[in-house]
Amino acid sequence: MRILLVVAVALIDSDNRILIAQRPEGKQLAGLWEFPGGKLDPNERPEQALIRELREELGIEVKDSCLAPLTFASYAYEEFHLLMPLYVCRRWEGMVRPLEGQALKWVQARDLRHYPMPPADEPLIPALIDLLN
């Protein structure tokens, strides 16, 4: 089974809320909520991929030094095995905007379970609750 490496980030605002994005129609797992991020390009480090994805998806600039690894998910889908490190970021430049037509919400960590998420994202929630409570 092939391993797919994707990266995700918990953007945390000054009120300790976490940004989640809803997968748009036409994408796999459409309608589910997830942490921003995405696939790595060839020869790209995880931090570089996050910086690129955050610029493309949300219009914000993040410095490498502002990304702190928190935990990771390892999940077996039918077609592949997903390995997803989750970073935390509290500092960025610019205003968060949905550049790909996705819905965005800022939510408290304890409320994340009220939003349907892909199965690989759900195991990341306890680490965020522990971090922010």
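Could you list, in sequence order, the residues of the range 30-57 that are surrounded by fewer than 16 Cβ atoms within 10 Å (Cβ to Cβ) and acidic (D, E)?
Listed by number, the residues that qualify are D41, E44, E56.
When you go through (1) surrounded by 14 or more Cβ atoms within 10 Å (Cβ to Cβ); (2) more than 21 Å from P123 (Cβ to Cβ) one by one for L82, which number turns out not to apply?
Of (1) surrounded by 14 or more Cβ atoms within 10 Å (Cβ to Cβ); (2) more than 21 Å from P123 (Cβ to Cβ), only one is false for L82: (2).
Would you check if A76 is under 12 Å from the mean Cα position of the chain (by Cα) and either of a type in the set (G, A, S) or surrounded by 12 or more Cβ atoms within 10 Å (Cβ to Cβ) (or both)?
No; evaluated as a whole, the condition is false for this residue.
Yes or no, residue by residue, for (1) part of a loop (DSSP other than H, G, I, E, B); (2) without any contact (Cβ under 8 Å) to a residue 60 or more places away in the chain; (3) under 25 Å from A103 (Cα atoms):
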position: L5; (1), (2), (3): no, no, yes
position: L29; (1), (2), (3): yes, no, yes
position: D41; (1), (2), (3): yes, yes, yes
position: Q48; (1), (2), (3): no, yes, yes
position: E53; (1), (2), (3): no, yes, yes
position: S65; (1), (2), (3): no, yes, no
position: E78; (1), (2), (3): yes, yes, no
position: L82; (1), (2), (3): no, no, yes
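For the range 15-29, give me each residue that is among the charged types (D, E, K, R) and either loosely packed, with under 14 Cβ neighbours inside 10 Å or more than 22 Å from P116 (Cα to Cα) (or both).
As a first pass, look at the range 15-29 and keep what is among the charged types (D, E, K, R): 15, 17, 23, 25, 27.
Passing the criteria: D15, E25, K27.
Spot the failing condition for V96; the list is (1) within 13 Å of the chain's Cα centre (by Cα); (2) among the aliphatic types (A, V, I, L, M); (3) part of a loop (DSSP other than H, G, I, E, B), and only one is missed.
(1)
Restricting to the range 11-27, give me the number of residues that are of a type in the set (G, A, S) and either assigned to a loop (DSSP other than H, G, I, E, B) or over 19 Å from E61 (Cα atoms) (or both).
Within the range 11-27, residues that are of a type in the set (G, A, S) and either assigned to a loop (DSSP other than H, G, I, E, B) or over 19 Å from E61 (Cα atoms) (or both) number 2.
Given the criteria surrounded by 12 or more Cβ atoms within 10 Å (Cβ to Cβ) and small (G, A, S), does A109 qualify?
Working: surrounded by 12 or more Cβ atoms within 10 Å (Cβ to Cβ): yes; small (G, A, S): yes.
Against the criterion (surrounded by 12 or more Cβ atoms within 10 Å (Cβ to Cβ) and small (G, A, S)), A109 qualifies.
So, in the range 99-118, how many residues would count as being assigned to a loop (DSSP other than H, G, I, E, B) and under 14 Å from G31 (Cβ atoms)?
7
Does the range 114-124 contain any residue that is under 15 Å from the mean Cα position of the chain (by Cα), under 16 Å from V6 (Cβ atoms) and hydroxyl-bearing (S, T, Y)?
Just the residues of the range 114-124 that are under 15 Å from the mean Cα position of the chain (by Cα), to begin with: 115-124.
With the extra rule that they be under 16 Å from V6 (Cβ atoms), the set shrinks to 117-124.
Okay, now just the ones that are also hydroxyl-bearing (S, T, Y), so none.
Within the range 114-124, none of the residues are under 15 Å from the mean Cα position of the chain (by Cα), under 16 Å from V6 (Cβ atoms) and hydroxyl-bearing (S, T, Y).
From the list I60, I12, which residue is under 18 Å from L131 (Cβ atoms), of a type in the set (V, I, T), touching a residue at least 24 places away in the same chain (Cβ under 8 Å) and surrounded by 15 or more Cβ atoms within 10 Å (Cβ to Cβ)?
Only one candidate passes the filter, namely I12.
Values quoted throughout were computed directly from the atomic coordinates according to the rules given, and no laboratory measurement underlies them. For clarity, every value in this text was computed on a predicted model and none was experimentally measured. No Cβ is skipped: glycine too gets one built from the backbone with ideal geometry, and neighbour counts run over all protein chains shown.
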